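Peer 1: Here you go, one structure.
All of the numbers you see were taken from the coordinates with simple rules; none came from a lab. Every value quoted in this text rests on a predicted model; they were computed, and no experiment measured them. Here the Cβ is made from the backbone with ideal geometry for all residues, glycine too, and neighbour counts use every protein chain on show.
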Amino acid sequence: MAELRARRYRRAPGEPVSTATRESYYGLPVIHGPHWHWPIVFYFILGGLAGGSAVLAAAARLLGGPPARPVVRAGRYLAFLAVLPGPLLLIVDLGRPERFHHMLRVIKLRSPMSLGVWGLIAFSLSAFLNALRQAVDDGFFGRSNRLARGFRKLPDRALAIASTVPAFFLAGYTGVLLGATAVPLWARNALLLGPLFLCSALSSAAATLSLLLARRSQNDRAEQALAQVEFLALTGEVTLLEAVRRKSGPVIGRPLRRGAEGRAFAGARATTAAALVLHGLALLLPRRWRQRLGLLASILALAGAFLLRATMVFGGHRSADDPAATFALTRSDE
Amino acid sequence: MKGPAALEGTTRARPGAFGFLTDTTLCIGCKACEVACKQWNQLPMDDFGFTGMSYDNTGDLGATTWRHVAFIERISDREGRRPTTLAPFQSNWLMLSDVCKHCVNAGCMEACPTGAIIRTEFDTVVIQQDICNGCGYCVPACPFGVPALSPLDGKAHKCTLCYDRLKDGLEPACAKACPTDAIQFGPVHALMDRARARVSELRAQGVDARIYGDQALGGTGGIGGLNAFFILTAPPEVYNLPAKPELPQRRVLPAFFTTALAALALGIATLFSFRRVGRMHHG
Amino acid sequence: MPGLGARLGRGGATTTLASLADSDCIVIMGSNMAENHPVGFRFVVKARQRGATVIHVDPRFSRTSALADLYVPIRPGSDLVFLGALVNYVVNHERWQTDPFFREYVLHYTNASVIVSTDFRDTEDLAGVFSGYRAEQRRYDTASWHYAGQLHPVEGERWPCRPLVEPERDPTLQHPNCAFQLVKRHFARYTPELVEEVCGVPRELFLRVAETILANSGRERTTAFCYAVAWTQHTIGTQIISCCALLQLLLGNIGRPGGGILALRGHATIQGSTDIPTLFDLLPGYLKMPRAVPEHATLAGYFASERPATGLWYDMPKFLISLLKAWYGDAATPENDFGYTFLPKIGGDYSFQSILTMMEDGIIKGLFVMGMNPAVGGQNARLARRALANLDWLVVRDVHEIETASFWYDAPEVRNGEVRPQDIRTEVFFLPAAIAAEKDGTFTNTHRLVQWHDKAIDPPADARSEAHFVYHLGRRLKELYADDDSPAGQQIRALTWDYPTTGPHQEPDLMAVAREISGYRVADARPVAGFHELADDGSTACGCWIYAGIVTPEGEHRAKRRRGDERASPDWGFAWPANRRILYNRASADPQGRPWSERKKWIWWDPDQGRWVGYDVPDFPATKPPDYQPPPGAKGLDAHPGTAPFIMMLDGRGWLFVPHGLVDGPLPTHYEPWESPIPNLLYPTQPRSPVAPVFLRPDNPYHEIADPRYPYVITTYRLTEHHTAGGMSRWVPWLAELQPAGFVEISPELARELGIATGDWVVVETARGSAEARALVTERVQPLTIAGRAVHVIGMPWHFGFGGLATGGIANELAALIEDPNSLIHEAKSFTCTIRKGRLREGKAP
């Protein structure tokens, strides 16, 4: 209620209280918004990064051959390291963190969060095993001792294949999770948020891997593959950002235009569009420029991914607090 | 699909479902329901202060307010004239005792990842406090803004429809306290029959009455009806209620479907990109 | 109370709340029933569901108005013009003049046909006063108001105690001096146009109300009036209420189901606190407290002065002597007037407002305050607190540490340094009190219904019930005075005080108290069945004759019964007197004893059984036939014919014209409130009540009529969420959060003029003090056009004080000490003020 009071608009002298109920109920929200803040924003980013990396690592492992091995290595490690903070962020975000294990009591197919918990567990396991397998190949357990021999028995290709479904799930389910609520900004865009987050996950993973592998010139072809994936994912991302903007419309889309969230959204669109353009440009230019532009594009793509998640989460707060948005979403069409 | 008129006064409440009919036309805004609820459930006092929102200093349902009386002053007409002839029963100063709707298909329950939110033998929706871990997903999943997390214990809370009282054969505290029987408790189907008759009677007397919580209004979009439903005399938005909400989980499957399509597309694209790498190597 | 008592015989609601469900039209005026009597209001809602019309006449659109069919905004303090205009409308209406029902009812059941003395002069003759006005003493000599043909009463007699000579009557109601014609003439200028000018009610709206009321009165239909303290709390409050009684008599609604007048009283058991009174001038059962005058020196003198020859009060000796036997037991004998000398005699106006001034002037040294909060709830609350600060000792018993107990360290004048605690020499004792659920006892609700409540839980720590406190105080006083032979000592020693106690804290057994109240035969302690078994020879004892019989001979307390039904519910609780639910219900049958209609039957004469039968206990001698004519010289109820429903009245009739019993006039007359923005348009030379008691003191300044410094009308009132002076609600979190701060309701028109927005701080000021509050700008309050100009009304709930969780400025600091001359109740419902945006600066005195 304290927040509600702070939100009270200015009243003009002589204005009766009835004027405050003409358009809405004293400007009070219709629904309750989520309580998620930066921990969840970072979880989304890291989850996307992890999922995207795993997909890239798997594709590289399956079809990329030896030139793509750095991608496989970096991808698998990145997938594992990026997902590590995830459960911690989620647990800390709980109202009763010590009860986190209650999530494991049930699985509910219609609850994206329930599926997400199990999906996160599945992915974490898969990322761990993939990383372990990779670590064995990289000699972290020595070359010929019993541990290394044991771990080498893990089926490398199978692990890569098995990681794809959990990876895609982790990268995109958070969009579905947002859409399965009453928050107008999310609900209106329910069909678009999953694909959007997926594209962003893939583009940010590709961008990160590009940045990580940038110095080694022998990865030119792998780099190109990454740049290509990034380009395609960015295309999807730019398209879907525009689709979200249009689908939201003037009322529900207000958070995308106003305030800090509006600026973040504009930033997300600008950086992803710029990244896309730079990638396109890079294709036309000689290799030296291509590399530099590519790296710049990757940085912009990462910035875009960050701004996108921040916009969506905090924009959701704004949207939930706007009664006009809820009414636009749920208006009777009579 | 049935048209809206055919859905008026219908509910998909299960046999044996119990709930509320809150008939705002009988409400005098006394807030006995708010106090009885707090007293029975030993809920703490909320944030404190004069809001200037007519006589509503409570503002909203929350973790520690499970009945909230809303006040909407509609004293003057468009020309600023104050009326002296009033519509029968409650009019011109609308008062509504808001409560958890105990939806036939409940967004909060479907969202809950721990199974803390359950449907009881009375078909009411209850949050089990020994299981809830405060993930907060039920909060935005409710189309009506009912559950909330409590900063005092980190868990989600809402009206239990006095589950403990029902188990002992007593009616909920708010229904018991309501002096004009605006809050009526009973089997949902019987209450809906009563509501239909009451709405007809009101309309015959010139009152613009409607049921909120049947499948035509309020209990729409897969929600299937509200076990705690209302009779209103103005569009729902006036009372800060959504007219035609949707059960949010209806979007889960379609959203996963589009996401899967995107995954497929991106997956194929990714594979192709790396295939060229492999090819180039071998080639 | 005197308002209804003077015209009908008893000062209480004439009907039950449940009977409202049988009404065809309910007029709620001077009351915000839904907010202050929400449970009773359920019956108004029921009536509405059965098709009744609900009319709410009120300065503010409140939660009651929201449920009404017709809302009539009215200027506070102008109610009597409205009611008088209704009287005028009715008696000049063709239907009223031709429908035989009205003629029969009025002719037989009221004193309409009585011819009044030719000495009588109306306010219309004397420019605003009645004959007999003594201007210097500000009182009336009522001698000229008597009936023609009656013995001239001795000066100073309160009631005519000589046998009444049957007054001259004109059954055609044409005689210019008959009561009916006097009423007609008196109200002739109360026209719809006057209502529009004085009340601010458009004439068409007034006529709508009048038509509706008349159309819903008669054989087949009844109209009920519900009123509360917005009628009582005026300098003409008694007359406003009395005017309603007059109107309802003319309409034939008294004594009939769905009719009557519901006096909505303010607390859960305030009816009980006047029945067994905490009022200084009453003994239990509405016997008059004896005064320190020669006539009352002996019991015989008292009866000679007070006991009428006719009506139920003829049995007064039985009631009083039984009371004295209950109080003084063996110390009450025929030889010593049954202990009459032990009774204190009153020497003046010791009403609440007078007590405050006596405290401030050092006359009263000590005070017990139990369940009251004068520091917030008293008129001129600053004066009240100064008065408290001037006592030697003060005992406050309450559930919370209310302002009356904490004023000495926490009042605004202490906080801002004006007053220092060390300069207050009052020794303040604060004793925690038990709440209702922590003790046994009864409540007597607004329609005389007594209901028992069980103790549910022990009070915490040192909290104790009132009964415990009073009992042990009395016990210790008796021990203290055990050897004292002075008159004061004898008074204490003579009291019977032998209630058994129970439990570890020695709680007095309330059933023993109940048995004493209910009455018993002294010889063998057998309970009496009712007040008809009381005797005047000392053989019976009864603590309150109107409650006689509430404990059955088998020892069951009838207030514990809980079997209800669709009509009178005689087995739910006990309604005094004698479990009669609708008073004066003889009037529900026609002069021949038949119901006026099938739809509105209640009780009727059964010739075969030779008694009155029906849905209720007859408020009438059970076997007196309708055609009974009293023989000459008959006494008591035998002096009334079989067509006299008002058994407490001298002649058994409801009085349209009141020759005795009201000190400010036999007919209700409009005067402006003591503080008003406009002059009295009816009587320009007599703007205010000629006899209202005033307190001319420097610390109680009044505003002039149309005082330009205080141009707005202010009315104070309650909200559902809080209780009176807040002692039981502002400390309770669940209630405090519902209305957490004091506020003032003003119209958008006034707010625009003064630049005030909702939520702004405003200061309301009068010559007595200032109070600050938040503003609530709402169309529910509106300016009214009075005598051609706009008059603004400000509304302020008076619950708030400086203690507890919900705080706010004290509205009663604005009000002045002033009384209604009959009831001695204060005028809080309309006075004048000014208002400005801003806050009270700390340290700034008004």
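Peer 1: Expressed in nm², what is the orientationally averaged projection area of the convex hull enclosing the Cα positions of region C:732-846? Each step should come with its number before you reach the end.
Peer 2: Values: hull surface 36.0 nm².
Average of the hull's projected areas for region C:732-846 equals 9.0 nm².
Peer 1: Residue farthest toward the positive end of the dipole of chain C, with Cβ of Lys/Arg at +1 and Asp/Glu at -1: which of C:PRO621, C:GLY218, C:GLY804?
Peer 2: C:GLY218
Peer 1: Toward the positive end of the charge dipole of the protein assembly as shown, about the Cα centre and with charges on Cβ (Lys, Arg +1; Asp, Glu -1), which of A:SER163, C:LEU249, C:PRO192 goes farthest?
Peer 2: Working it through, the farthest residue towards the positive pole turns out to be A:SER163.
Peer 1: Loop only by DSSP, 16 or fewer other Cβ within 10 Å of the Cβ. Give me the GluC sites (Glu not before Pro) in region C:527-562 that pass, ordered by residue number.
Peer 2: Passing both the DSSP loop test and the Cβ count: C:GLU554, C:GLU556.
Peer 1: DSSP H helices in chain A with Cα extent of 15 Å or more along the helix axis and mean Kyte-Doolittle hydropathy at least 1.6?
Peer 2: Qualifying helices: A:38-59, A:190-212.
Peer 1: Please turn the phi angles of region C:534-542 into ³J(HN,Hα) values with the Karplus equation 6.51 cos²θ - 1.76 cosθ + 1.60 (θ = phi - 60°), one per residue in order, whole Hz, x for glycine and proline.
Peer 2: Residue by residue, region C:534-542 yields 7, 10, 9, 10, x, 8, 10, 10, 7 Hz.
Peer 1: Here's something else I'd like to know. Which translational diffusion coefficient, to the nearest whole µm²/s, is obtained for chain A from the Stokes-Einstein equation, given a Kirkwood hydrodynamic radius over C-alpha pairs, 10 °C and 1.306 mPa s?
Peer 2: Numbers: Rh = 21.4 Å.
Roughly 74 µm²/s, to the nearest whole number.
Peer 1: Would you grab the residues whose amide H sits under 5 Å from the one on B:TYR212? Only those 5+ places off in sequence or on another chain, please, with H modelled 1.01 Å from N.
Peer 2: B:PHE230, B:ILE231, B:LEU232
Peer 1: Using 28 Å as the Cα-Cα cut-off, could you pick out the over-long pairs in C:LYS288/C:LYS601; C:LYS600/C:LYS624; C:LYS560/C:LYS624? Walk me through the numbers before you get to the answer.
Peer 2: Details: C:LYS288/C:LYS601 35 Å; C:LYS600/C:LYS624 22 Å; C:LYS560/C:LYS624 31 Å.
Beyond 28 Å between Cα atoms: C:LYS288/C:LYS601; C:LYS560/C:LYS624.
Peer 1: Under the rule a/c < 1.5 gives rounded, and otherwise a/b versus b/c splits prolate from oblate, where does region C:561-675 land using the Cα gyration tensor?
Peer 2: Oblate.
Peer 1: Give me the angle, in degrees from 0 to 90, between the Cα long axis of helix B:32-41 and the longest principal axis of the Cα atoms of chain B, rounded to the nearest 10.
Peer 2: That works out to roughly 60 degrees.
Peer 1: With 24 Å as the limit, write out which pairs from B:LYS38/B:LYS155; A:LYS108/B:LYS155; C:LYS345/C:LYS635 have Cα-Cα distances beyond it, or answer none.
Peer 2: Result: C:LYS345/C:LYS635 exceed 24 Å.
Peer 1: Run down the aspartates and glutamates and flag those whose C-alpha is under 13 Å from the C-alpha of A:LYS153, throwing out any fewer than 8 positions away in its chain.
Peer 2: Result set, ordered by chain and number: A:ASP137.
Peer 1: Mind sorting B:CYS135, C:CYS178 by how few other Cβ atoms lie within 10 Å of their own Cβ, fewest first?
Peer 2: On the way: B:CYS135 30, C:CYS178 25.
Ascending number of Cβ neighbours within 10 Å: C:CYS178, B:CYS135.
Peer 1: Would you grab the residues whose amide H sits under 5 Å from the one on B:ASP47? Only those 5+ places off in sequence or on another chain, please, with H modelled 1.01 Å from N.
Peer 2: Long-range HN contacts for B:ASP47: none found.
Peer 1: List the aspartates and glutamates whose alpha-carbon lies under 18 Å from that of B:LYS167, not counting same-chain residues fewer than 8 positions away?
Peer 2: B:GLU121, B:ASP123
Peer 1: Here's another thing I want to ask about it. Out of residues 5 or more away from C:ARG139 or on other chains, whose amide H comes under 5 Å of its own, with H placed 1.01 Å from N in the peptide plane?
Peer 2: C:ARG134
Peer 1: How about region C:43-133: which chymotrypsin sites (Phe, Trp or Tyr not before Pro) there lie in a loop by DSSP and see at most 14 other Cβ atoms within 10 Å?
Peer 2: Working: sites: C:PHE43, C:PHE61, C:TYR71, C:PHE82, C:TYR89, C:TRP96, C:PHE101, C:PHE102, C:TYR105, C:TYR109, C:PHE120, C:PHE130, C:TYR133; in loops: C:PHE61, C:PHE120, C:PHE130.
Those that pass, being in a loop and sparsely packed, number zero.
Peer 1: If you don't mind, there's one more thing I want to ask. For C:TRP313, A:TRP186, which order do you get if you count the other beta carbons within 10 Å of each Cβ and list the fewest first?
Peer 2: The most exposed by this proxy come first: C:TRP313, A:TRP186.
Peer 1: If contacts are Cα pairs under 8 angstrom and at least 6 residues apart, what is the relative contact order of chain B in percent?
Peer 2: Reported as a whole number, the value is 27 percent.
Peer 1: Enumerate the helices in chain C for which the Kyte-Doolittle hydropathy averages 1.0 or more and the C-alpha atoms extend at least 24 Å along the helix's axis, using complete DSSP H runs.
Peer 2: Span-like helices in chain C: none at all.
Peer 1: Determine the shape class of region C:404-494: with a ≥ b ≥ c the square roots of the Cα gyration tensor eigenvalues, call it rounded for a/c under 1.5, and otherwise prolate if a/b is greater than b/c, oblate otherwise. Spell out each step's value before the answer.
Peer 2: Details: a/c = 2.24, a/b = 1.17, b/c = 1.91.
Cα axes put region C:404-494 in the oblate bin.
Peer 1: Straight distance only, please: which aspartates and glutamates reach the Cα of B:LYS244 with their own Cα at less than 14 Å, same-chain residues fewer than 8 apart left out?
Peer 2: A:ASP333, A:GLU334, B:GLU8, B:ASP214
Peer 1: A further question on this structure: Taking beta carbons within 10 Å but only from partner chains, what does the mean come to for residues B:100-113? Show your work: numbers first, answer last.
Peer 2: Details: counts 0, 0, 0, 0, 0, 0, 0, 3, 0, 3, 6, 9, 5, 15.
Mean partner-chain Cβ count within 10 Å for B:100-113: 3.
Peer 1: Now, a different point. With charges only on Cβ, +1 for K and R and -1 for D and E, what is the dipole size of region C:1-127 about its Cα centre, in debye, rounded to 20?
Peer 2: Charge dipole of region C:1-127: 580 debye, to the nearest 20.
Peer 1: Trypsin sites (Lys or Arg not before Pro), restricted to region C:274-354: which are DSSP loop and have at most 15 other Cβ atoms within 10 Å?
Peer 2: Hits after loop and neighbour filter: C:LYS345.
Peer 1: With each label point set 7 Å from Cα along the Cα-Cβ vector, what nm distance links C:SER273 and C:LYS365?
Peer 2: With each label point 7 Å from Cα toward Cβ, the separation is 2.7 nm.
Peer 1: Output the Kirkwood hydrodynamic radius of region B:106-239, Cα pairs only, in Å rounded to one decimal.
Peer 2: Details: mean 1/r = 0.0610 Å⁻¹.
Evaluated over region B:106-239, this radius sits at 16.4 Å.
Peer 1: Hey, with R₀ at 56 Å, roughly what FRET efficiency would C:ALA488 and C:LEU805 work out to, going by the Cβ-Cβ distance, to 0.05?
Peer 2: In this case the efficiency is close to 0.80.
Peer 1: Tell me, what is the percent relative contact order of chain A, built from C-alpha pairs under 8 Å that lie six or more residues apart?
Peer 2: Computed value for chain A: 23 percent relative contact order.
Peer 1: List the relative contact order of region C:539-632 as a percent without decimals, with contacts defined as Cα pairs under 8 Å and 6+ residues apart. Numbers along the way, then the final one.
Peer 2: Values: 125 pairs, mean separation 18.4, N = 94.
For region C:539-632, the relative contact order is 20 percent.
Peer 1: Whole-Hz Karplus ³J(HN,Hα) for region C:778-785, in order, using 6.51 cos²θ - 1.76 cosθ + 1.60 and θ = phi - 60°, x for Gly and Pro?
Peer 2: Values per residue, Gly and Pro as x: 8, 6, 5, 9, 9, x, 10, 8 Hz.
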